[in-house]
Amino acid sequence: MTEQGGSLADDATGSASDAVPLVGLRGLSKHFGAVQALSNVELDIPTGQVTALAGDNGAGKSVLIKTISGLWEPDGGHIEWQGRPVHLRGPKDSEALGITTIYQDLALCDNLDIVQNMFLGHEVVRRGVVLDESTMEKAARKTLDDLSVTTVRSVRQPVASLSGGQRQSVAVAKAVMSNAKLVIMDEPTAALGVAQTTMVLELIRRLSSQGVTVLMISHNLNDVFKVADRIAILHLGHLVASGPTTEFDSQVVVDYMTTGRSTRTPSGAPAAENAG
């Protein structure tokens, strides 16, 4: 477990630690007037893994993902993409790299069907003027099949008629169709029932198994421990701990979320030193 500002070093060795992360945050800072939303955040997001971003309300989670998404430019530090510094001037810059963000509202149009939503703004046309409905239908159906989404009866089903879990599936499939390398998910299981939550968590695992990197914000620690390979915890704009999920348990995560430190020893993990 690595703690920002602490003396505990990451002892992991081997190819996993030596590999260049897909995203690296280097001293990332962001303020709004007198409010310091992010302060000197250092975080690696490894390729093909699920990283859970935890923190209480006001910890800086939304600011961090909006900065990675290009909505806000950092006031200090920089972002690295596959080891190279990048300057994201807007969402189009992040999308060009392969970053897709799925917010809680999912940004789907209820009045359109699944195919229309998945291709919105990127429609396939023939002769430059005619929509190629057949090609889009086949591509949408194949993408959903590849993600093992079996609960949707028809790709021409209006999005307004879908359950919360199905809507998440469509949003994820849309990201996959855009060849996303990093999918950022903001509270993907919020307000979902047990069955729909299970569906979405399986979808996240499937994304990771296909080599897509996932950064997931979640207040639900049960969900975090079910799917995350790594956990990063923010407290009042500071990254106070990060590391493999096996080095945490729920109580340790809660300690960091609420106080910024923990003296507990999770089962099977070395004792952590207090940050700062």
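Identify, from the list GLY121, GLY58, GLY76, GLY128, the residue that is within 19 Å of VAL41 (Cβ to Cβ), modelled with pLDDT under 95 and not charged (D, E, K, R).
Details: GLY121 fails: within 19 Å of VAL41 (Cβ to Cβ); GLY76 fails: modelled with pLDDT under 95; GLY128 fails: within 19 Å of VAL41 (Cβ to Cβ).
That would be GLY58, the only listed residue that is within 19 Å of VAL41 (Cβ to Cβ), modelled with pLDDT under 95 and not charged (D, E, K, R).
Check PHE32 against each of (1) at pLDDT 95 or above; (2) surrounded by 15 or more Cβ atoms within 10 Å (Cβ to Cβ); (3) of a type in the set (Phe, Trp, Tyr) and name the one condition it does not meet.
It fails just one condition, (2).
Let me confirm something: among LEU108, LEU120, which residue is surrounded by fewer than 16 Cβ atoms within 10 Å (Cβ to Cβ) and closer than 27 Å to GLN166 by Cβ?
Details: LEU108 fails: surrounded by fewer than 16 Cβ atoms within 10 Å (Cβ to Cβ).
It is LEU120.
Restricted to region 38-54, and to residues that are touching a helix residue (DSSP H, G or I) at 6+ places or on another chain (Cβ under 8 Å) and buried (at least 22 other Cβ atoms within 10 Å of the Cβ), which residue is nearest to GLN210 (Cα to Cα)? Explain how you work it out, then say what you get.
Applying the first criterion (touching a helix residue (DSSP H, G or I) at 6+ places or on another chain (Cβ under 8 Å)) to region 38-54 yields 38, 41, 46, 48-50, 52-54.
If we keep only those that are buried (at least 22 other Cβ atoms within 10 Å of the Cβ) too, we end up with 38, 41, 50, 52-54.
Details: LEU38: 31, VAL41: 28, VAL50: 12, ALA52: 18, LEU53: 21, ALA54: 24 Å.
Taking the candidates together, the pick is VAL50.
Just to be sure before I move on: is VAL252 out of contact with any helix residue (DSSP H, G or I) (no Cβ under 9 Å at 6 or more places or on another chain) and either assigned by TED's automatic domain parsing to the domain that holds LEU22 or at pLDDT below 95 (or both) in the structure I sent?
Working: out of contact with any helix residue (DSSP H, G or I) (no Cβ under 9 Å at 6 or more places or on another chain): yes; either assigned by TED's automatic domain parsing to the domain that holds LEU22 or at pLDDT below 95 (or both): yes.
Here the answer is yes, as VAL252 does meet what is asked.
Filter region 199-217 for residues that are touching a strand residue (DSSP E or B) at 6+ places or on another chain (Cβ under 8 Å) and over 14 Å from THR245 (Cα atoms) and give the result. Steps first, answer last, please.
Going residue by residue through region 199-217, those that are touching a strand residue (DSSP E or B) at 6+ places or on another chain (Cβ under 8 Å) are 204-205, 207-208, 212-217.
Answer for region 199-217, where residues must be touching a strand residue (DSSP E or B) at 6+ places or on another chain (Cβ under 8 Å) and over 14 Å from THR245 (Cα atoms): ILE204, ARG205, LEU207, SER208, VAL212, THR213, VAL214, ILE217.
Name the strands (runs of 3 or more DSSP E) wholly within region 43-155 that hold at least 1 residues that are more than 17 Å from LEU207 (Cα to Cα) and among the charged types (D, E, K, R)? Talk me through it step by step, then tell me what you get.
Numbers: elements: 50-54, 76-81, 84-86, 99-102.
Passing ranges, in order: 76-81, 84-86.
Taking the options THR143, THR101, name whichever one is surrounded by 15 or more Cβ atoms within 10 Å (Cβ to Cβ) and over 30 Å from HIS31 (Cα atoms). Don't jump to the end; show me each part of the working.
Values: THR101 fails: over 30 Å from HIS31 (Cα atoms).
After applying the criteria, what remains is THR143.
Determine whether region 187-198 contains at least one residue that is acidic (Asp, Glu) and out of contact with any strand residue (DSSP E or B) (no Cβ under 7 Å at 6 or more places or on another chain). Let's see the steps before the verdict.
If we filter region 187-198 for residues that are acidic (Asp, Glu), which is where we start, we get 187.
Of the ones still in play, those that are also out of contact with any strand residue (DSSP E or B) (no Cβ under 7 Å at 6 or more places or on another chain) are none.
So far as region 187-198 goes, no, none of its residues is acidic (Asp, Glu) and out of contact with any strand residue (DSSP E or B) (no Cβ under 7 Å at 6 or more places or on another chain).
The values are calculated or read from the model by the stated rules, or taken from the named source; none is laboratory data. None of the values given here were measured: they were computed from a predicted structure. Every residue, glycine as well, gets a Cβ built from its backbone with ideal geometry; the counts of neighbours run over all protein chains shown.
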